[in-house]
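Peer 1: Pasting in a structure now, in structure tokens, and then I'll have a few things to ask.
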Amino acid sequence: MQKENGDIVVALAGQPNVGKSTVFNLLTGMNQHVGNWPGKTIEQKTGTFTYNGTRFKLVDLPGTYSLSANSPEEVIARNFIIQERPDVVVALLDAAILERSLYLVAELLPLPAPVIVALNMMDVAEQEGMHIEPHVLEAALGVPVIPMIATKNQGTRELVQAIDDIVHGRIEYQPRVPEIRADHLEVLSKIEALIGPCVPPAYPSRWVALKLLEGDSDITEMMRACTPDDVWEQVQTILRAHEDAIIDVAGGRYDWIRRMVRAAVTRPKAGQITRTDKLDRWATHPLWGILILAGILGVVFWLTYTVGAPLQEMLDVYVIGTAADWASTLLVNAPAWVQGLIVDGLIGGVGMVVTFLPILVIFFATMGLLEDIGYMARAAYVMDRFMHLMGLHGKSFLPLFLGFGCNVPAIMGSRVVESRRARLLTIMLAPLVPCTARMVVVTFLTPIFFGSAATLVSWGLVGLSLVVLAIIGILINTFLLRGERAAFIMELPLYHIPNWRTIGLLVWQHSLAFLKKAGTLILVMAVIVWALSYWPGGDVETSFLARFGRLLEPIGALMGMSWRMLVALLASFVAKENSLATLGVLYGTSGETSGLAEAVRMAFTPATALAFLVVQMLFVPCVATVAAMWQETRSVRWTLFNLVLLLVVSFSAGIVVYQVIG
């Protein structure tokens with residue numbers, strides 16, 4: 001069914017780590033929109049592409065292993081397919097784990113939309129010793145099967161051609177749908193006959209009956225609301241008498257999967273050691289795995305100082321410095337406050353932050369690379385023992401690891417944790433993971449005061465954050481969130497060659513978002529800070545900001561900090577990069593990082609600098625993170641608790657560091 005606006009709607013479904021992002025980026029390129037699903041905080045990605053004069057709208061469904069109502073992602077995926085009726089669903093599978101991937105296909109085939117199977121990572125399956133015959137699998141499934149190696153852009157054209165063929169009726173679509181085992185086949189028919197007249201129009205009655213047998217909570221609630229009481233009581237009587245039906249439902253799917261795999265797949269010889277097995281001997285080892293993870297973080301810092309810092313300096317000298325000089329010349333006859341607003345407020349604040357773009361690009365690229373090759377799950381696995389100290393398990397490490405990029409997706413990513421108690425604890429700890437914005441401040445200040453030891457100091461600051469995270473986690477779990485520990489069950493995806501296009505697009509999107517933030521939120525904040533530091537008399541020492549800052553000097557004195565440093569810390573509540581933007585404004589460096597470096601070198605002692613960095617690493621998160629925290633917990637009490645806790649912890653740590661070292 002073609003939609004009103006003329007677009008053919010294609011839904012892209014698949015498990016996590018099967019290459020959905022790669023295929024989505026290959027098809028849509030830069031024609032993408034990222035938002036949230038209506039009423040949800042789960043990311044929604046849509047994009048468009050054109051083929052043979054037809055415009056297609058591609059909707060990337062959330063990664064899901066099945067279509068049961070076990071998670072918001074699964075509900076979103078199936079509701080979109082049933083209610084929005086896409087013209088075709090592309091089920092993207094990992095060829096190397098075909099047996100597990102086919103379970104989602106078994107649930108998609110009974111739904112109204114036609115399905116195309118895209119068999120991705122054929123090269124990985126070959127390397128693992130598996131031989132798959134796509135044509136045999138296609139004949140067994142009764143739906144088009146397209147072999148792909150998305151990382152090499154192989155199979156993309158064939159996939160688009162298959163989509164075009166099926167929506168225009170050039171392919172006969174006759175899927176072989178899995179059946180429930182014979183034990184409960186008659187029961188299924190009885191339930192379908194009872195509920196048939198009551199099922200909402202968009203839903204297939206047999207699929208609804210199947211979900212009732214499975215005990216699906218959402219479908220049960222929906223049918224209870226629209227079924228007459230006497231009919232519903234008959235349905236309930238049947239369901240109570242056949243509570244074991246869920247075994248036959250799943251068993252029927254697995255029987256169907258085994259037939260498909262037996263027909264089309266030749267497995268590796270018994271005892272053969274695959275590449276993934278060899279790498280995992282190191283990556284998942286209790287000792288070496290931790291050392292590898294620590295080494296990866298160390299390499300990130302090393303790249304930051306050896307590659308990012310020179311690029312930052314070039315951007316500072318040739319772009320920001322030139323802009324400041326040009327603005328000063330152009331405004332030579334303008335009032336002093338206009339010069340200050342443009343040169344010190346706008347260029348000095350925003351320009352300072354923009355120079356850190358090369359450093360952020362390195363962080364974003366590293367995160368994208370680790371995600372794309374399949375290492376992230378290994379990091380969660382080796383951290384499982386460490387996470388258990390806090391009453392969590394390795395799955396909580398995944399959202400926490402995202403925090404190295406940004407704390408907001410880290411908090412939203414806590415939804416992968418099933419236990420509400422563990423999810424709440426994960427949210428409470430996420431702001432203690434040093435995000436890229438915090439690392440920008442660390443990257444700028446550590447070389448100024450610690451020279452060749454900057455990498456070691458940075459590594460130590462990250463280590464301190466993680467130690468504090470562990471201690472707070474243990475205390476919260478012990479005294480506030482007593483509860484049971486959940487078993488850690490996670491699939492380790494096979495290693496595969498990264499797709500540089502996907503990583504590049506991820507870096508581009510995150511960098512663009514950073515620049516937008518610099519041009520909006522940070523711009524506004526920089527102007528406000530400048531205005532408060534200029535008025536009422538044009539002298540920063542007698543300004544409104546100075547008066548406010550001096551009220552905090554008794555606390556600052558315990559850490560060796562002036563009121564300027566305290567104000568910079570408070571400004572970071574809007575955005576962490578604002579610490580440097582505010583220092584640039586207050587020290588009047590006109591946006592030049594070299595000028596700010598010299599100013600803070602004279603104003604900070606090494607002990608003060610270290611105390612400042614420690615507070616910065618542990619300080620309350622930015623306002624966007626606080627908003628995400630409230631959105632996920634829906635609790636003002638827990639949100640305020642987190643803010644007060646981090647405020648106390650950060651200032652206490654800063655005081656201890658300064659008093660011991662100073």
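Just so it is clear, none of the values below were taken in a lab; they were calculated from the coordinates. Quick caveat, the model's predicted, so the values are computed rather than measured. Quick reminder, even Gly has a Cβ in these numbers, built from the backbone with ideal geometry, and neighbours come from all protein chains shown.
Peer 1: Could you calculate the contour length gain from residue 338 to residue 202, that is, 0.36 nm times the residue separation minus the distance between their Cα atoms, to one decimal place in nm?
Peer 2: Difference between extended and current length: 42.7 nm.
Peer 1: Could you list which residues have their amide H under 5 Å from that of residue 58, counting only those 5 or more apart in sequence or on another chain, with H placed in the peptide plane?
Peer 2: 10, 47, 48, 49
Peer 1: Next question, about the same structure. Given the peptides 88-94, 225-231, 195-201, 498-504, arrange them by the average over their residues of other C-beta atoms within 10 Å, most packed first.
Peer 2: Going by the mean number of other Cβ atoms within 10 Å, highest first, we get 88-94, 498-504, 195-201, 225-231.
Peer 1: Between residue 237 and residue 319, what is the label-to-label distance in nm when each label sits 7 Å out along the Cα-to-Cβ direction?
Peer 2: Roughly 7.4 nm, to one decimal.
Peer 1: Most exposed first by the Cβ proxy, i.e. fewest other Cβ within 10 Å, how do 211, 576, 190, 45 rank?
Peer 2: Going from sparsest to densest Cβ surroundings: 190, 45, 211, 576.
Peer 1: May I pose another question? Give the average over all directions of the projected area of the C-alpha convex hull of the range 8-167, one decimal, in nm².
Peer 2: Taking a quarter of the hull surface, the average projection is 8.9 nm².
Peer 1: Quick one: putting +1 on the C-beta of Lys and Arg, -1 on the C-beta of Asp and Glu, what dipole do you get for the range 8-167 around its Cα centre, in Debye to the nearest 20?
Peer 2: That gives the range 8-167 a dipole magnitude of about 540 debye.
Peer 1: Compute the relative contact order of the chain as a whole-number percentage, counting only Cα pairs closer than 8 Å that sit 6 or more residues apart in sequence.
Peer 2: 12 percent
Peer 1: In the range 111-265, what is the volume of the convex hull around the alpha carbon atoms, normalised per residue and reported in Å³?
Peer 2: Enclosed volume per residue, from the Cα hull, is 140 Å³.
Peer 1: Further question on the same structure: Pairs 20/211; 57/211; 20/278; 57/516; 20/152; 45/516: which are spaced more than 23 Å apart, C-alpha to C-alpha?
Peer 2: Beyond 23 Å: 20/211; 57/211; 20/278; 57/516.
Peer 1: Nearest 10 degrees, 0 to 90: what angle lies between the long axis of helix 636-661 and the longest principal axis of the chain (Cα atoms)?
Peer 2: Computed tilt is about 40 degrees.
Peer 1: Starting at 0 and stepping by 5 Å, how many percent of the alpha carbon pairs of the range 182-266 end up in each bin?
Peer 2: 3, 14, 24, 23, 14, 9, 6, 4, 2, 1, 0
Peer 1: Starting from the Kirkwood radius over alpha-carbon pairs of the range 143-191, derive D by Stokes-Einstein at 20 °C in a medium of 1.002 mPa s and give it in µm² s⁻¹.
Peer 2: Calculated translational D: 156 µm²/s.
Peer 1: With the alpha-carbon atoms as the only input, what is the per residue convex hull volume for the chain in Å³?
Peer 2: 189 Å³
Peer 1: Right, next: Tell me, 121, 629 in order of fewest to most beta-carbon neighbours within 10 Å?
Peer 2: Final ranking by Cβ density, sparse to dense: 629, 121.
Peer 1: So, one more: Grab the DSSP H runs of the chain that are 4 residues or longer, score each as -39,500 (n - 2.57), total them, divide by all residues and round the 222 nm result to the nearest 500 deg cm²/dmol.
Peer 2: Calculated from helices alone, the mean residue ellipticity at 222 nm is -17500 deg cm²/dmol.
Peer 1: Continuing with this model, one more query. Note down the magnitude of the dipole of the range 182-266 about its Cα centre, charges +1 on Lys and Arg C-beta and -1 on Asp and Glu C-beta and zero elsewhere, to the nearest 20 debye.
Peer 2: 500 debye
Peer 1: Here is a further query. Looking only at the chain, where both bridge partners belong to it, what percent of the DSSP beta bridges are antiparallel (to the nearest 5)?
Peer 2: 45 percent
Peer 1: May I pose another question? How many angstrom lie between the Cα centre of the range 133-178 and the Cα centre of the range 191-258?
Peer 2: If we compute the Cα centre of each part, the gap is 31 Å.
Peer 1: Would you mind checking which residues have amide H under 5 Å from residue 535's amide H? H placed 1.01 Å from N; only 5 or more apart, or other chain.
Peer 2: 544
Peer 1: Hey, with R₀ at 45 Å, roughly what FRET efficiency would residue 46 and residue 193 work out to, going by the Cβ-Cβ distance, to 0.05?
Peer 2: Efficiency for this residue pair is about 0.70.
Peer 1: For 299, 656, 115, what's the fewest-to-most ordering of other Cβ within 10 Å of each Cβ?
Peer 2: Listing 299, 656, 115 from fewest to most nearby Cβ atoms yields 299, 656, 115.
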